[in-house]
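The values are calculated or read from the model by the stated rules, or taken from the named source; none is laboratory data. This structure is a prediction, so every number in the text was calculated from the model and none was measured. As a convention, Cβ positions derive from the backbone with ideal geometry for all residues, glycine included, and neighbour counts pool all protein chains shown. What goes into the accessible areas is simple: the full protein's heavy atoms, side chains included, and nothing from ligands, DNA or RNA. Shrake-Rupley method; radii C 1.70, N 1.55, O 1.52, S 1.80 Å.
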Amino acid sequence: MEERVYNFSAGPGMIYEQVLEQTQEDVVNFRQSGMGVPELSHRGSDYLEIQNQAEVDLRDLMGIPDEYAVLFLQGGATAQFAAVPLNLRGEDKFVSENVSSADYIVNGEWGKKAQKEAAKFLVDANIAAQADTFTYVPSPDTWKLRGDKDSYVHITTNETINGVELFDQVPVLDVPIVADMSSHILSRPINVEQFDVIYAGAQKNIGPAGLTVVIANRRWFGLSRRGTPSVLDWEVQANNDSALNTPPTLAVYMAGQVFKHLKRLGGLETVGQLNDHKAQVLYDAIDGSDFYANPVQPEFRSKMNVPFTLADAALEGAFKQQAKKHGLLNLGGHRSVGGLRASLYNAMPDEGVHALADFMIDFERREGKPN
Ligand SMILES: Cc1ncc(COP(=O)(O)O)c(C=O)c1O
């Protein structure tokens, strides 16, 4: 494909060219069936094979144990903000006694939104820890957990807007740990068993928007049935192979192609090394100059989303405009925080990050002179 740009958007993000090209073919005529993938029946054998293979490949890539269900749902991560309390609140047992609760660790904007949504469904959506500046994850020994044995702890393991990522600091707790991994799932190997539920919107590292992946330990199924909408009920969806209603078939197909591609690259170990390198190149460019700054504490600096500022904020418009001319797109920070941000998802090539780092050095040389 000619004339592709480097798209640093926080989502939807870049998709591997090989996947786009294969999709281009299959979207018109899938395996000589005379039908394109979006036209296949979600109950027919062609589509079922696509979805089953996607699940097999995802299990293989992430090392997902059998006791975890893998769900391909609609509604985005935002629907899961509600689904999490609706599945785990133990309503049948506890709402009548007014003690449904959960603990939220808030280290950025998305965690804040998740907590706010959960508060609609829980008697107490407790903020057990909140980073005052969203530049770090509060240390687990400072978390003020309610400690209810029937509760859960929710954490956003990569904060897309603030660029704060949790690495090996996940504690072992005796309540379920739920993780929103929307913006760093599949970016490196993780131990799935450290978490009870993992969810992620697809439009960053998995594929196109419209698909949400949920990986949930079945031991928590059935806690809360009364009042839980069927489409959000993990057990109901698992019992129906994610097809209680029509699943996002084309998005699942494309996710399956991405999983195959990641396996061809060598799996998540290799992908993680590639991502380490890309992040290093960009943080080196930021740290190597007084003109650029990233406020996140070094041990929590995200390898996927890198917010940064210029010494002179008035130059941000010129930075984005000139970057665009170099094929470097979507470098604006989130509308809620401003500044600049580069998202380095899996499909962002190494050359894209080098091109950005070179541009930054050049921009500073031309525009960053003291007055
Ligand atoms: C960490 C995180 N959680 C949740 C969301 C919301 O996802 P969706 O738009 O799929 O509902 C996003 C979107 O960017 C995100 O980055």
When you scan segment 99-118, do you find a residue that is at pLDDT 95 or above and closer than 18 Å to A243 by Cβ, even just one? no
Return the residue satisfying two criteria in turn: it lies in segment 16-38 and is open to solvent by less than 30 Å² (accessible area, probe 1.4 Å) and hydrophobic (A, V, I, L, M, F, W, C), and of such residues it is nearest to G201 (Cα to Cα). V19
Restricting to segment 33-83, what's the tally of residues that are closer than 19 Å to A243 by Cα and either within 16 Å of the ligand (Cβ to nearest atom) or among the hydroxyl-bearing types (S, T, Y) (or both)? 14
All but one of (1) under 22 Å from Q203 (Cβ atoms); (2) without any contact (Cβ under 8 Å) to a residue 24 or more places away in the chain hold for Q321; state the number of the condition that does not hold. (1)
How many residues of segment 1-40 are in contact (Cβ under 8 Å) with a residue 40 or more places away in the chain, not polar (S, T, N, Q) and not in a loop (DSSP other than H, G, I, E, B)? The answer is 5
Scanning segment 174-220 for residues that are closer than 21 Å to S101 by Cα, within 12 Å of the chain's Cα centre (by Cα) and touching a residue at least 60 places away in the same chain (Cβ under 8 Å) gives D180, Y199
Please give the number of the condition L356 fails out of (1) open to solvent by 60 Å² or more (accessible area, probe 1.4 Å); (2) part of a helix (DSSP H, G or I); (3) of a type outside the set (K, R). (1)
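Tell me which residues, restricted to segment 50-69, are surrounded by fewer than 20 Cβ atoms within 10 Å (Cβ to Cβ) and in contact (Cβ under 8 Å) with a residue 12 or more places away in the chain.
Passing the criteria: Q53, D57, D60, L61, G63, I64, P65, E67.
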Which condition number does Y199 fail, the rest of (1) farther than 23 Å from T156 by Cβ; (2) open to solvent by less than 10 Å² (accessible area, probe 1.4 Å) being met? (1)
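Among the strands (runs of 3 or more DSSP E) confined wholly to segment 98-170, which include 2 or more residues that are more than 21 Å from the chain's Cα centre (by Cα)?
Once the strands (runs of 3 or more DSSP E) in segment 98-170 are filtered for at least 2 residues that are more than 21 Å from the chain's Cα centre (by Cα), what remains is 101-106, 124-130.
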Would segment 310-329 turn up any residue that is under 30 Å from Y136 (Cα atoms), in contact with a Pro (Cβ under 8 Å, 6 or more places away or on another chain) and surrounded by fewer than 20 Cβ atoms within 10 Å (Cβ to Cβ)? no
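One line per residue, one yes/no per condition, for (1) in contact with a Cys (Cβ under 7 Å, 6 or more places away or on another chain); (2) away from the ligand (no atom under 16 Å from the Cβ); (3) open to solvent by 10 Å² or more (accessible area, probe 1.4 Å); (4) modelled with pLDDT of 90 or more:
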position: P140; (1), (2), (3), (4): no, yes, yes, yes
position: L145; (1), (2), (3), (4): no, yes, yes, yes
position: E159; (1), (2), (3), (4): no, no, no, yes
position: Q203; (1), (2), (3), (4): no, no, yes, yes
position: G210; (1), (2), (3), (4): no, no, yes, yes
position: R219; (1), (2), (3), (4): no, yes, yes, yes
position: G222; (1), (2), (3), (4): no, yes, yes, no
position: V231; (1), (2), (3), (4): no, no, yes, yes
Whichever residue in segment 161-201 is out of contact with any strand residue (DSSP E or B) (no Cβ under 8 Å at 6 or more places or on another chain) and among the acidic types (D, E) and, among such residues, is farthest from the ligand (Cβ to nearest atom): D174
Which one of V153, V123, V106 is under 19 Å from H184 (Cβ atoms), hydrophobic (A, V, I, L, M, F, W, C) and away from the ligand (no atom under 13 Å from the Cβ)? V153
Is there any pair with a first residue in segment 260-288 that is free of Cβ contacts under 8 Å to residues at least 12 places away in the same chain and a second that is open to solvent by 80 Å² or more (accessible area, probe 1.4 Å) whose Cβ atoms are under 8 Å apart and which are 6 or more apart or on different chains, and what are they? L265/L274
